[in-house]
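First comes the structure, then the notes that go with it.
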Amino acid sequence: MDFMTITGLLVGGLAVYYALAVGGIGDLIFNLPAAVLVFGGTLGATMVTYPWSIFSRVPKAVGLMLFPPKRLSPEHYITLLVQLSERAKKSGIDSLQDDIPKIQDPFLVDGLQMLLDGLDANMVRENLDKEIVFLRRRHSQLTSVFRSMGTYAPIFGLLGTLIGVVQVLQNLTDPTSIGAAMAVAVVTTFYGIFSTNFFYLPTAGKLDSLTEQEVLLKEVAIEGILSIQKGDIPMIVSRKLHAYLAYKIRQFHRKKGTK
């Protein structure tokens, strides 16, 4: 279970509940018709937007957010690649055939298999780069689902508010019912804003972060595989991969800073 995700959900949820409880509106905020309108409307609009092949992967994506897969850290990944380069340098690239069954990363296995099959460096890079492109495309489809939901939810919240205002105007002759009707009308807007900023957009951001972590490891793997093919000594492989890792991390933070 991801500690930061769970902690963030608890902190945010408690903060909102505390604000509602102090304001004395904790009970009023739970309204079934408003919830059905916002969440049902958001779900329906999303189903219209995306095919089942993409929409059906949403529960798995939520699971990945809460329970991200365990991966080697970039440092451990570099250590593994350096060890492979040592073996290749001492016994030749063909000796890596014995290491392939022990490696659990399919991407790295594919790259090493290309070396063993005798593909040139350009072909190896091209094939592995394509895998990264396809991975980004698959993952971006899921993040776009949550961003769409984050767009639809506030609109349905506003729609619920408009419906509530209409109901208020129909009952102007009964002043005692206006306050309660307006409270219910505003609850739909709350649901839309809260779900967007507390779940839909944060989930999309978390999935983006997981994608970047996975892509970083794959890019490090490509550089390591090509260094092994080139015949670089282990020390050079280590320095090259650490320098590449530092560059990609700086590049990532620069991108985040410009958004």
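The numbers here are math on the coordinates, done by the rules we state, and not lab data. Quick caveat: nothing in here was measured; it's all calculated off a predicted structure. All Cβ positions, even for glycine, are placed from backbone atoms using ideal geometry, and neighbour counts span all protein chains on display.
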Inset, instruction - Would you point out the residue of region 87-113, among those that are within 32 Å of the chain's Cα centre (by Cα) and touching a residue at least 60 places away in the same chain (Cβ under 8 Å), that is farthest from K218 (Cα to Cα)? - result: L112
Legend entry - Some residue of region 28-42 being without any contact (Cβ under 8 Å) to a residue 12 or more places away in the chain, hydroxyl-bearing (S, T, Y) and assigned to a helix (DSSP H, G or I): no
